[in-house]
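Remarks on the structure that follows.
The values are calculated or read from the model by the stated rules, or taken from the named source; none is laboratory data. In this text, all values refer to a predicted model and were calculated from it rather than measured experimentally. Neighbour counts run over all protein chains shown; Cβ positions are idealised from the backbone, glycine included. Accessible surface is based on the protein model in full, side chains and every heavy atom, while ligands, DNA and RNA are left aside. Shrake-Rupley method; radii C 1.70, N 1.55, O 1.52, S 1.80 Å.
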Amino acid sequence: MGTFNHFYHKSYDERINIIGDFSELNSQELKSLYENHNERNNSLIENYITDYSLPEGIAVNFLINGEEKVAPMVTEEPSVIAAASNGARMFAKNGGLNAKVISSNLTGQIIVKTDNFNLLFGYVNTHRDKIIAVANNAHPSILKYGGGAKEVSVRQLDENYCSIDLFVDVAEAMGANIMNSMLEALANFLKTKASKDILMSILSNYSIDSLVTVSGSVKFSQLGKGNFSGKEVANKIVEASHIAQIDTYRATTHNKGIMNGIDAFVMAMGNDWRAVESGIHAYASRNGHYQGLSHFMIKEDTLYGEMTLPLSLGFIGGATKVLPKVKINQRIAKVHSKKELMQFAAAIGLAQNLAALKALVTEGIQKGHMNLQLNSLAMTAGSTDEELFTVVQSLRQMQNPNLTNAKQIIQNLRK
Ligand code: MEV
């Protein structure tokens with residue numbers, strides 16, 4: 001245990017040496033950690049050793065609220081970007097996606113231990129203005145941006161606990177720090193006035209006051225595939241959407257497909273995708289059982305899709321200001337505000353979902369994945385960039401190509 005005593009106090013070089021000895025890393029491995037480290041990130045997280053990079057690509061063909069857009073996406077999963085572009089294209093051919101922010105406030109909680117709900121409820125109601133003022137005083141700069149604490153209420157959780165809920169407009173920020181500073185200041189105030197027994201204060205990721213809705217329709221003519229007519233595919237997608245409403249097994253995978261797109265975009269935008277994930281999955285369970293987020297139906301000669309979901313995102317602050325790629329990605333995506341960010345993320349989710357459902361109810365997803373899988377097989381087998389095309393072509397001729405086949409092809413090629 002002593003090896004890592006005060007590890008966080010050590011210099012970068014000392015830390016690398018310690019971890020190298022402890023984990024018996026060879027010089028190549030150490031070199032890779034070293035070469036990918038960036039002094040700036042040393043102050044972003046504790047015990048920093050290196051940057052871990054993921055591929056970033058651009059999903060194309062988005063038409064959102066009449067504006068042409070491309071989406072920077074960070075993902076390690078083959079086919080996600082191709083699928084998002086494909087879904088976006090189908091919507092774009094019929095006017096594109098319409099997205100609208102319904103609300104964008106953050107909720108925070110102060111958990112109080114009390115068996116006298118009425119007393120606490122009475123105090124909070126009578127002193128509402130003072131409570132809002134205490135919260136705003138903890139982060140006054142937010143008022144300049146038109147934000148601030150807006151409302152406070154009390155919920156009884158059981159016979160011993162209540163939650164004082166604070167609703168804050170955090171303007172363009174994601175707002176975790178703003179909210180948590182307000183809550184802690186408020187908790188200190190309440191301790192002296194209303195209740196000494198405060199268990200904790202923290203924002204809630206159940207972001208049902210930060211909702212965005214997106215919809216779009218696709219002409220049947222865009223949906224035909226193989227032996228299936230566009231209308232048949234549309235009907236099958238409607239069925240698939242129904243199954244995601246009635247079966248948790250399917251709903252989970254259905255929503256995972258939506259999150260393939262949303263997470264990849266949220267990461268490119270330097271936002272907290274764990275907060276987004278937890279909020280969305282909780283929302284998917286709001287009716288008492290976990291359900292698919294999107295709904296598809298037939299409207300005249302089109303397949304119409306819609307989805308409402310919570311997205312607690314920030315356009316400024318937090319990692320958006322520290323990670324240098326975020327500003328570039330905001331420019332690539334042409335997003336200028338939190339509202340546009342939320343709308344774009346929701347649109348990507350619906351496009352991603354449409355493409356997945358279309359593939360699933362027609363040829364299956366494996367065929368579409370094949371190219372990228374063969375690429376990945378060839379690279380795992382050691383193919384150079386120059387050899388890649390030829391290796392993939394040879395692998396494609398085989399029934400069930402595997403790593404041994406790929407290695408053999410590379411060996412033959414090099415002879
Ligand atoms: C794979 O990452 C995502 C899908 O499984 C989504 C779905 O089943 O709807 C294809």
Helix-only [θ] at 222 nm, the chain, -39500 (n - 2.57) per DSSP H run of 4+, per residue, nearest 500, equals -15500 deg cm²/dmol
Residue-ordered couplings for region 375-381, obtained by feeding phi - 60° into the Karplus form 6.51 cos²θ - 1.76 cosθ + 1.60 and rounding to whole Hz (Gly and Pro as x), are 4, 5, 4, 4, 5, 4, 6
Name the long-range amide H neighbours of M174: under 5 Å, sequence gap of 5 or more, or other chain; modelled H, no Pro or chain starts.
-> G314, F315, I316
Cα axis of helix 273-284 to longest principal axis of the chain: angle in degrees, 0 to 90, nearest 10?
-> 80 degrees
FRET efficiency, M370 to Q245 (Cβ-Cβ, R0 30 Å, nearest 0.05) = 0.45
Across 20 Å bins beginning at 0, the whole-percent shares of Cα-Cα pair distances in the chain come to 22, 45, 29, 4, 0
How many nm separate the modelled label positions at N41 and L143, each set 7 Å beyond the Cα in the direction of the Cβ?
-> 4.0 nm
Report the label-to-label distance for K93 and A133 in nanometres (one decimal), using points 7 Å from each Cα along the Cα→Cβ vector.
-> 6.2 nm
Would you list, by chain and number, the aspartates and glutamates whose Cα falls below 17 Å from the Cα of K10, excluding same-chain residues fewer than 8 positions away?
-> D21, E39, E46
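Roughly speaking, to the nearest percent, how much of the chain's 1.4 Å accessible area is carbon and sulfur? If you can, show how the numbers build up before the last one.
Working: 11240 of 21410 Å².
Roughly 52 percent of what the probe reaches on the chain is carbon or sulfur.
Expressed as cubic angstrom per residue, what is the convex hull volume of the alpha carbon set of region 150-204? All intermediate terms of the calculation are to be shown ahead of the outcome.
On the way: hull volume 4.4 nm³, N = 55.
Dividing the Cα hull volume of region 150-204 by its residues yields 79 Å³.
For the chain, what is the accessible area per residue in Å² when the probe is 1.4 Å? Please report the intermediate quantities before stating the final value.
Numbers: 21410 Å² over 415 residues.
Accessible area per residue: 52 Å².
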Where a Cα-Cα gap under 16 Å defines reach, which aspartates and glutamates qualify for K407, not counting those fewer than 8 residues away within the same chain?
-> D385, E386, E387
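Take the residue pairs K338/K367; K231/K367; K339/K367; K93/K358; K69/K338 and return only those whose Cα atoms are more than 27 Å apart.
Working: K338/K367 37 Å; K231/K367 22 Å; K339/K367 37 Å; K93/K358 16 Å; K69/K338 16 Å.
Check vs 27 Å cut-off fails for K338/K367; K339/K367.
So what's region 47-143 giving for Cα Rg divided by 2.2 N^0.38 Å, two decimals?
Working: Rg = 23.6 Å, N = 97, 2.2 N^0.38 = 12.5 Å.
Relative to the rule-of-thumb radius for its length, region 47-143 sits at 1.88.
Just how large is the dipole of region 1-126 about the Cα centre, in debye to the nearest 20, putting +1 at every Lys and Arg Cβ and -1 at every Asp and Glu Cβ?
On the way: 9 positive and 15 negative charges, 151 e Å.
Rounded to the nearest 20 debye, it is 720 debye.
What is the extension gain from T384 to I298, computed as 0.36 nm multiplied by their sequence separation minus the C-alpha to C-alpha distance, in nm to one decimal? Display every interim value, and only then the final one.
Values: separation 86, 0.36 × 86 = 30.96 nm, distance 4.79 nm.
Here the segment from T384 to I298 would lengthen by 26.2 nm.
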Cα centroid of region 218-244 to Cα centroid of region 125-189, whole Å = 47 Å
Using the Kirkwood formula over every pair of different C-alpha atoms, what hydrodynamic radius in Å results for region 248-406?
-> 18.3 Å
Extreme residue, positive dipole direction of the chain, given options G175, N86, N412 (C-beta unit charges) | N86
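Subtracting the Cα-Cα distance from 0.36 nm times the residue separation, let me have the gained length for L157 to D197 in nm, one decimal. All intermediate terms of the calculation are to be shown ahead of the outcome.
Numbers: separation 40, 0.36 × 40 = 14.40 nm, distance 1.49 nm.
Here the segment from L157 to D197 would lengthen by 12.9 nm.
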Ranked highest first by average number of other Cβ atoms within 10 Å, how do 314-321, 382-389 line up?
-> 314-321, 382-389
Equivalent ellipsoid semi-axes for region 215-288, as square roots of 5 times the alpha carbon gyration tensor eigenvalues: give them largest first, rounded to whole Å.
-> 28, 17, 9
